[in-house]
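Down below is the structure, laid out as structure tokens.
The values are calculated or read from the model by the stated rules, or taken from the named source; none is laboratory data. Just so we're clear, the structure is a prediction, and the values are computed from it rather than from any experiment. Here Cβ is always computed from backbone atoms with ideal geometry, including for glycine, and neighbour counts include all displayed protein chains. Side chains included, ligands, DNA and RNA excluded: accessible areas come from the protein's heavy atoms. Shrake-Rupley method; radii C 1.70, N 1.55, O 1.52, S 1.80 Å.
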Number of protein chains: 2
Amino acid sequence: MSDIELDEELIDLAARYRDVLRHAVYLIRSLDANGELSTGQVATMNILALAPARVGDVARHAGIRVPSATEQVIKLEAAGLVERRADPDDARAVLVHLTDAGRTALATANRERNERIAGALAVLSEDERSAITAAIPAIAKLTNSLGA
Amino acid sequence: MSDIELDEELIDLAARYRDVLRHAVYLIRSLDANGELSTGQVATMNILALAPARVGDVARHAGIRVPSATEQVIKLEAAGLVERRADPDDARAVLVHLTDAGRTALATANRERNERIAGALAVLSEDERSAITAAIPAIAKLTNSLGA
DNA sequence: CCTAATAGTTAGGCTGCCTAACTGTCAAGA
DNA sequence: TCTTGACAGTTAGGCAGCCTAACTATTAGG
């Protein structure tokens with residue numbers, strides 16, 4: 001198999017994969033349409049669920065710029081879902097903490113979204129579910145490699 | 001295996017799948033960051049590449065509302081990438097056509113995006129690529145079932 | 001100390017999505 | 001024929017989320 005053939009195969013797979021991704025974006029959007037928290041808000045809170053984080057860390061993990069993260073944090077704070085506290089080690093920094101209300105809201109949001117996807121997974125055949133399970137690590141790796 | 005166990009497994013898979021999707025959204029965004037056309041613009045033009053379509057069809061295929069599709073079409077028209085023509089069969093309707101410039105721009109955009117993904121696919125192992133290939137139909141089915 | 005780097009906020013702007021209200025056209029029945 | 005409801009699309013207004021540029025406050029190195 002020549003290099004050119006290999007490239008064509010890869011590009012064909014890329015095109016099909018891209019098509020799937022495009023639909024996945026709609027899907028994510030539809031998952032969010034029902035709930036009260038947006039994708040970004042859930043993503044931000046999922047970061048904070050592990051540990052309090054600086055605004056800059058939130059931005060980096062979420063793949064957005066610092067001012068955008070500030071904006072998200074301000075909205076979440078207004079909703080009582082997070083708190084901004086001083087960082088004892090650095091007076092410039094702000095440590096964003098999840099509140100109890102935030103933890104509860106996050107758990108609900110995660111559960112709702114997961115259940116909705118689980119419901120759709122239940123409709124698939126066992127083989128189809130296995131195919132998805134088997135592909136998840138590769139997809140994650142692919143996504144990371146593209147993001148770099 | 002009880003129903004409850006089954007549900008827990010599904011929800012676990014759902015959570016992992018959702019995590020992958022979330023990253024995929026960043027990926028799509030990063031694919032768009034380089035090019036001159038946005039995701040929505042490429043999606044719209046890909047529809048029109050098959051055949052001229054009404055604004056309502058564009059909206060339906062793109063998963064957005066009609067006014068949003070009008071907006072997209074107006075911008076594409078201003079950029080010289082599409083044309084709006086009267087529908088000979090229905091004076092209410094507008095048929096959106098891709099221009100030659102649009103076709104060229106679309107081909108370039110598609111090629112760039114596909115090559116970028118192909119480059120990342122090339123880094124994966126053969127097994128990983130096979131896993132992704134095998135999962136694509138299932139993922140598409142899952143996405144459709146969630147979108148419905 | 002001064003100065004450059006760093007953390008975050010504020011200001012202003014853009015895109016893309018939405019709903020509501022409107023114009024113009026079609027089609028079906030009194 | 002004429003009216004009336006359905007339909008295609010546009011316009012108007014608003015909101016979320018992202019961006020860059022410019023600013024304040026703090027830290028740390030020379």
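Buried surface between chains B and A: roughly 5200 Å² of accessible area, summed over both sides, computed with a 1.4 Å probe on protein heavy atoms only.
Simple spin-label estimate for B:A140 and A:H97 gives 5.0 nm between the two label positions (7 Å along the Cα-to-Cβ direction from each Cα).
Modelled spin labels at B:A49 and A:R111, positioned 7 Å past Cα toward Cβ, are 4.4 nm from each other.
Alpha carbon centre of the stretch B:62-132 versus the stretch A:1-70: separation in Å? Here the answer is 20 Å between Cα centres. To the nearest ten degrees, helix B:39-50 and the longest principal axis of the Cα atoms of chain B are 70 degrees apart. Note on the protein assembly as shown: helix-only mean residue ellipticity at 222 nm, from DSSP H runs of 4+ residues weighted -39500 (n - 2.57) and normalised by residue number, equals -25500 deg cm²/dmol.
Whole-Hz Karplus values for the stretch B:73-84 come out as 4, 4, 5, 5, 5, 4, 7, x, 8, 9, 10, 9 Hz, taken residue by residue from phi with 6.51 cos²θ - 1.76 cosθ + 1.60 and θ = phi - 60°; glycine and proline positions read x.
Each semi-axis of the equivalent ellipsoid for the stretch A:94-148 is √(5λ) with λ an eigenvalue of the Cα gyration tensor; in descending order they amount to 29, 21, 6 Å.
Determine, from the Cβ-Cβ distance of A:K75 and B:S68 and an R0 of 25 Å, the FRET efficiency 1/(1 + (r/R0)^6), rounded to the nearest 0.05.
Result of the calculation: an efficiency of 0.60.
I need the Debye-formula profile for chain B: one equal scatterer per C-alpha, no solvent, reported as log10 I(q)/I(0) at q = 0.15, 0.17 1/Å, two decimals. Here the Debye-derived log intensity ratios amount to -0.93, -1.08. Taking Cα atoms, how many degrees apart are the long axis of helix B:3-34 and the longest axis of chain B, rounded to 10 and kept between 0 and 90? Computed tilt is about 40 degrees. In terms of its Cα atoms, the protein assembly as shown spans 66, 44, 40 Å along the principal axes, sorted from long to short.
Residues of the stretch A:91-114 that lose at least 10 Å² of accessible area (1.4 Å probe, protein heavy atoms only) when the other protein chains are present, relative to their chain alone, are A:N110, A:R113, A:N114.
The fraction of accessible area contributed by carbon and sulfur in chain B is 53 percent, rounded to a whole number (1.4 Å probe; ligands and nucleic acids excluded). Taking label points 7 Å from Cα along the Cα-to-Cβ direction, A:D7 and B:R29 give a separation of 3.2 nm.
With protein chains left intact and a 1.4 Å probe, residues in chain A average 54 Å² of accessible area per residue.
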